[in-house]
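Worksheet: one structure, shown below.
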Ligand code: SF4
């Protein structure tokens, strides 16, 4: 949404809400490094989550691959831990 204040200054107003799947999203338990997890949370989950590949599949009623990242890439093995060990 664009807005213009009394001085004619145009600014971009960004309205964000959290992804409705943020708490139960199973992807997060796989990350070994908290920094990597927070990177995706900031880029997608607490921002434009409609652009997340996981969100799109879930909204379409499709199965979401466990290691699918929000950017559509597959999570590298070395980023993950076994779900059984979490
Ligand atoms: S990874 Fe995607 S589906 Fe999961 S909480 Fe973040 S934005 Fe939502």
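The values are calculated or read from the model by the stated rules, or taken from the named source; none is laboratory data. Since the model is a prediction, treat every value here as computed from it, not as a measurement. Cβ coordinates were reconstructed from backbone atoms using ideal geometry, including for glycine residues, and neighbour counts include every protein chain displayed.
Rundown of residues vs (1) more than 9 Å from the ligand (Cβ to nearest atom); (2) at pLDDT below 90; (3) at positive phi, yes/no style:
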| position | (1), (2), (3) |
| --- | --- |
| 18 | no, no, no |
| 44 | no, no, no |
| 52 | no, no, no |
| 71 | yes, no, no |
| 79 | yes, yes, no |
| 85 | yes, yes, no |
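Please list, ordered by first then second residue, the pairs with beta carbon atoms under 6 Å, 6 or more apart or interchain, first in region 53-71 and under 16 Å from residue 30 (Cα atoms), second more than 9 Å from the ligand (Cβ to nearest atom) and in a strand (DSSP E or B).
67/74
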